[in-house]
1. Output yes when any residue across segment 208-215 is touching a residue at least 40 places away in the same chain (Cβ under 8 Å), under 22 Å from D107 (Cα atoms), in a loop (DSSP other than H, G, I, E, B) and out of contact with any helix residue (DSSP H, G or I) (no Cβ under 7 Å at 6 or more places or on another chain), and no when none is.
2. State whether one or more residues within segment 124-138 are modelled with pLDDT under 95, within 28 Å of S224 (Cβ to Cβ), among the hydroxyl-bearing types (S, T, Y) and buried (at least 16 other Cβ atoms within 10 Å of the Cβ).
3. In this structure, does M74 turn out to be under 30 Å from P206 (Cα atoms), part of a loop (DSSP other than H, G, I, E, B) and open to solvent by less than 40 Å² (accessible area, probe 1.4 Å)?
4. Test each condition in (1) within 27 Å of L146 (Cβ to Cβ); (2) free of Cβ contacts under 8 Å to residues at least 60 places away in the same chain for A40 and report the one that comes out false.
5. How about segment 158-169: which of its residues are open to solvent by less than 40 Å² (accessible area, probe 1.4 Å) and either part of a helix (DSSP H, G or I) or under 18 Å from D185 (Cβ atoms) (or both)?
6. Which condition number does G174 fail, the rest of (1) surrounded by 14 or more Cβ atoms within 10 Å (Cβ to Cβ); (2) modelled with pLDDT of 95 or more; (3) not aromatic (F, W, Y) being met?
Amino acid sequence: MDTLFPYIKENVKEYLQTHWDEEECQEDVSLLRKQAEEDAHLDGVVPIPMASGDAVDDLQQMIQAVVDNVYWQMSHDRKTTALKQLQGHMWKAAFTAGRMKAEFFSDVVPAVKRWREAGMKVYIYSSGSVEAQKLLFGHSTEGDILELIDGHFDTKIGHKVESESYRKIADSIGCLTNNILFLTDVTLEASAAEEADVHVAVVVRPGNAGLTDDEKTYYNLITSFSELYLPST
């Protein structure tokens, strides 16, 4: 995700100029315009005007308004359907064209392969949409590794800091919560998972938020997936 969101900011204007006449792009713009109208009461919101003619200046003003609106939403960490839809389409175009590839820590893919060979199942639960997850795993520096993943979950099943989300995931995959190990770098998520009787390991990676001394003492910490020794099923 460290490269996904900066990519949007750096390329949204070029993307709109390239794809403006396509139906998919126009649907995205319409949705963003509607969202801007709903947000009219919010401070700093950027409205998106309707086209008033075919003039080049008119088109460029409209594209700039969309760009400014996207910047405004992202700066406020908005999670609107309109924004997520445009982002998803941009990422899809970038991954398909080979402009972006997902990069994983070197220990991840070998570890996942070992777990699967031992009869375990591997699922992804992320705040990024299932569609974005599949783009990442389908277009990685390791190639298409979607076949290593048994299923995907996003916040449609619930937020990651709510314990009920983990119970729903267990129900969905037909598994008891205490037969699940959840890996995360966010202690609020770890706490929520533990409340649902899920086993947890907190992954410590470069660039992650620091942990308090109490958190370091309380949680099982790993710095690499290779440190996990899981019983085979």
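1. Here is the first cut: in segment 208-215, the residues touching a residue at least 40 places away in the same chain (Cβ under 8 Å) are none.
Within segment 208-215, not a single residue is touching a residue at least 40 places away in the same chain (Cβ under 8 Å), under 22 Å from D107 (Cα atoms), in a loop (DSSP other than H, G, I, E, B) and out of contact with any helix residue (DSSP H, G or I) (no Cβ under 7 Å at 6 or more places or on another chain).
2. yes
3. Numbers: under 30 Å from P206 (Cα atoms): yes; part of a loop (DSSP other than H, G, I, E, B): no; open to solvent by less than 40 Å² (accessible area, probe 1.4 Å): yes.
No.
4. Looking at each condition in turn, A40 falls short on (1).
5. Filtering segment 158-169 down to residues open to solvent by less than 40 Å² (accessible area, probe 1.4 Å) leaves 158, 160, 163, 165-166, 169.
Within segment 158-169, K160, S163, S165, Y166, I169 meet the criteria.
6. (1)
The values are calculated or read from the model by the stated rules, or taken from the named source; none is laboratory data. Keep in mind the model is a prediction, meaning the values are calculated, not measured. All Cβ positions, glycine included, derive from the backbone under ideal geometry; neighbour counts span all protein chains shown. Just so you know, the surface numbers come from the protein's heavy atoms only, side chains and all, with ligands and any DNA or RNA stripped out. Shrake-Rupley method; radii C 1.70, N 1.55, O 1.52, S 1.80 Å.
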